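A.B. asks: The structure that follows is given in the form of structure tokens.
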Amino acid sequence: MSVAILRQGDALIAAIQSDLTDAQVLALRDDLAERVGRHRLQAVIVDVSALDVIDSFVARSLRSMAITTRLRGAETLVVGIQPDVAIAMAHFDLNLKPLRTAKDLDEALVLLGERVEEDGDAE
Amino acid sequence: MTAETGTSERAAASDESLLPELVAYLRENRTGLREQWVERITAAGLLTAMTPDEIFSEVTAVYDNYVAALETGSVETLQAYARDLSERIIPRGVDTDEVLGIVLLLRDILARSLFVHYQDNPELLHRILDAYEPAANRIAVTVGVSFVEERERVIREQQDAIRELSTPVLQVRDRLVVLPIIGMLDSQRARQLTEQLLGAIQSNRARVVVLDITGVATIDLTVANHLVQAVEAARLMGASAIITGISSKIAQTLVDLGVDLEQMRTVGDLQGGLEEAERLLGYRGEAAATDQRT
């Protein structure tokens with residue numbers, strides 16, 4: 001499998017290592033949604049920094065990944081989108097608003113850490 | 001049909017022998033024709049940007065080059081001169097129609113003087129004109145094209161200069177960069193801008209980018225969409241883009257064009273934009289400070 005899925009605290013980190021077929025993308029989406037519910041996770045981080053190309057199918061799948069995991073109770077963060085990929089994705093004319101992003105894994109973890117802190121304060 | 005072909009063949013054959021005669025005639029009458037030309041230029045209200053003395057000296061040079069081009073059949077010298085002349089007169093605001101008008105005036109003056117000179121011998125006049133007209137047209141085209149090329153070169157240079165000057169990437173503080181955009185935004189520049197913006201996010205690890213478009217006068221639909229896409233692309237890379245300095249005219253245009261601005265974070269001026277950016281970063285800055293203390 002060209003996706004490494006690691007668990008880090010309350011988050012699941014899915015690092016995509018190489019181009020995925022459409023079926024693999026959908027499988028990843030279902031797998032993540034399933035695990036999130038099962039382990040009661042807070043967040044999913046999808047690292048796409050190894051991808052030089054993201055086609056519209058993958059972009060749409062990332063978006064639906066974000067929506068499905070949210071429905072299962074976790075936030076999705078996509079990290080490491082390359083400049084060229086970002087330009088291409090902006091051209092797809094997809095509504096990518098549900099997709100939350102961060103620069104890299106580091107930043108995503110910091111973002112999530114802050115959120116946990118805030119939640120902790122609220123409790 | 002046959003007769004016509006015969007005539008043109010004969011004309012072609014006679015070109016060689018008649019041109020020296022023509023050139024000799026034009027040399028002989030240089031002073032008179034040149035003055036006539038200057039008069040016509042002044043009367044037509046052309047070259048108002050130049051003094052009479054300047055006009056006279058340029059006219060003399062052009063006349064001599066013109067005759068030389070007729071004589072040798074090579075327009076290279078004239079072309080070089082026309083380029084050089086264009087370089088001198090373009091900064092003074094001489095327009096294309098003036099240059100073309102002047103060259104055509106000379107053509108008319110010379111043609112008319114040939115008419116007058118050879119009117120007793122229509123046969124010879126025909127042949128002289130056959131020799132003169134193509135050469136004169138070629139000269140007119142050469143001068144016009146040289147001028148336009150020179151002008152285009154100047155315009156291209158200026159565009160390049162503007163392009164280089166106008167999109168610096170300024171690092172204001174950690175993770176905050178500002179891109180002040182000045183001048184015309186066309187789709188090529190907008191694309192370049194997007195690349196620069198994303199490059200800045202990548203290399204400066206920017207979290208917030210402020211795009212200040214105070215210096216942009218107008219915007220069209222293509223460029224507006226480019227901006228929207230640039231902001232979206234920046235967001236996908238994990239940075240927030242703030243657009244500041246949208247003039248009331250541009251705001252009006254954007255609304256009229258129906259550009260989807262919901263994704264854009266806009267603030268009135270650069271100062272407000274920087275404050276907003278610091279607010280976005282400050283929340284993170286405090287968190288970082290807390291980390292350091294613990």
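A.B. asks: Report, as an integer, the average count of C-beta atoms from other chains found within 10 Å of each Cβ along B:229-235.
C.D. replies: Mean shielding count: 6.
A.B. asks: Right, here's the next one. Kirkwood Rh over alpha-carbon pairs of region B:40-97, then Stokes-Einstein at 10 °C and 1.306 mPa s: what D in µm² s⁻¹, rounded to an integer?
C.D. replies: 129 µm²/s
A.B. asks: Next question, about the same structure. With unit charges on the beta carbons (Lys and Arg positive, Asp and Glu negative) and the dipole taken about the Cα centre of region B:46-116, which residue among B:T48, B:T77, B:V67 sits farthest to the positive side?
C.D. replies: So the residue furthest toward the plus end is B:V67.
A.B. asks: Take peptides A:99-106, A:20-27 and line them up by average Cβ neighbours within 10 Å, highest first, as a rough protection proxy.
C.D. replies: The most tightly packed comes first, giving A:99-106, A:20-27.
A.B. asks: FRET efficiency for B:R173 and A:R115, Cβ-Cβ distance as r, R0 = 22 Å, nearest 0.05?
C.D. replies: About 0.35, to the nearest 0.05.
A.B. asks: Shifting gears a bit: Mind checking the mean number of beta-carbon atoms from other chains within 10 Å of the Cβ atoms in A:102-115?
C.D. replies: Other-chain Cβ atoms within 10 Å of each residue's Cβ, averaged: 3.
A.B. asks: I would also like to ask the following. Put one equal scatterer on each alpha carbon of region B:145-232, apply the Debye formula with no solvent term, and list log10 I(q)/I(0) at q = 0.16 1/Å to two decimals.
C.D. replies: Listed by q, the Debye log ratios stand at -0.67.
A.B. asks: Quick one: which residues, 5+ away or cross-chain, put their amide H under 5 Å from the amide H of B:I242? H built at 1.01 Å from N.
C.D. replies: Amide H neighbours of B:I242: B:V209, B:V210, B:L211.
A.B. asks: Once you have the Kirkwood Rh of chain B from its Cα pairs, apply Stokes-Einstein at 10 °C and 1.306 mPa s and quote D in µm²/s.
C.D. replies: 65 µm²/s
A.B. asks: Sticking with this structure for a sec: From the phi angles alone, apply the Karplus equation (6.51, -1.76, 1.60; θ = phi - 60°) to region A:106-112 and give each ³J(HN,Hα) in whole Hz, x where the residue is Gly or Pro.
C.D. replies: 3, 5, 4, 5, 4, 4, 5
A.B. asks: Just to confirm my numbers, what's the Cα centroid distance between region A:1-61 and region B:204-253 in Å?
C.D. replies: Using only Cα atoms to place each centre, the spacing works out to 31 Å.
A.B. asks: Using the Cα atoms of the protein assembly as shown, I'd like the radius of gyration and the largest Cα-Cα distance, Dmax, both in angstrom.
C.D. replies: Computed over the Cα atoms of the protein assembly as shown, radius of gyration and Dmax are 35.3, 113 Å.
A.B. asks: Another question about this same structure. Other chains' Cβ within 10 Å of B:192-204 residues: what's the mean?
C.D. replies: What the average comes to for B:192-204 is 2.
A.B. asks: Follow-up. Just grab the label-to-label distance for B:H117 and B:E149, each label 7 Å out from Cα along the Cβ direction, in nm (one decimal).
C.D. replies: Output for this residue pair reads 3.0 nm.
A.B. asks: Hey, another quick one. Full-extension gain between B:Q263 and B:E39, please, as 0.36 nm times their residue separation minus the C-alpha to C-alpha distance.
C.D. replies: 74.2 nm
A.B. asks: Helix-only mean residue ellipticity at 222 nm, the protein assembly as shown, DSSP H runs n ≥ 4 weighted -39,500 (n - 2.57), per residue, nearest 500. What is it?
C.D. replies: So the calculated ellipticity at 222 nm is -22500 deg cm²/dmol.
A.B. asks: Based on the Cβ-Cβ distance of A:D52 and B:A80, what FRET efficiency does E = 1/(1 + (r/R0)^6) give at R0 = 41 Å, to the nearest 0.05?
C.D. replies: Efficiency, rounded to the nearest 0.05: 0.25.
A.B. asks: Could the peptides A:41-48, B:96-103, B:260-267 be put in order, highest first, of the mean number of other beta-carbon atoms found within 10 Å of their residues?
C.D. replies: A:41-48, B:96-103, B:260-267
A.B. asks: Using θ = phi - 60° and the Karplus form 6.51 cos²θ - 1.76 cosθ + 1.60, what ³J(HN,Hα) does each residue of region B:145-160 get, whole Hz, x for Gly and Pro?
C.D. replies: Result, ordered by residue: 5, 4, 4, 4, 4, 4, 4, 4, 4, 4, 4, 4, 4, 5, 4, 4 Hz.
A.B. asks: Here is a further query. In nanometres, what is the gap between the two model label sites at A:R38 and B:L124, each 7 Å from Cα along Cα-to-Cβ?
C.D. replies: 10.9 nm
A.B. asks: What residues qualify as long-range amide H neighbours of A:T101, i.e. H under 5 Å apart, gap of 5 or more or another chain, H built at 1.01 Å from N?
C.D. replies: Answer set, sorted by chain and number: A:V78.
A.B. asks: For the pair B:N137 and A:R7, how long in nm is the line joining their label points, each one 7 Å along Cα→Cβ?
C.D. replies: Going by the 7 Å Cα→Cβ label model, 8.7 nm.
A.B. asks: Tabulate in residue order the Karplus-calculated ³J(HN,Hα) for region A:38-45, using 6.51 cos²θ - 1.76 cosθ + 1.60 with θ = phi - 60°, rounded to whole Hz; enter x for Gly and Pro.
C.D. replies: 5, 9, 6, 8, 8, 8, 10, 10
A.B. asks: Ranking request for peptides B:170-178, B:200-208: highest mean number of other beta-carbon atoms within 10 Å first, then the rest in descending order.
C.D. replies: Top of the packing list down: B:200-208, B:170-178.
A.B. asks: Sort out for me the Cα centre separation of region B:24-95 from region A:70-86, rounded to whole Å.
C.D. replies: 68 Å
Where a number appears in this text, it was derived from the coordinates with a stated rule and is not lab data. In this text the structure is predicted, and so the values were computed from the model without any measurement. Every residue, glycine as well, gets a Cβ built from its backbone with ideal geometry; the counts of neighbours run over all protein chains shown.
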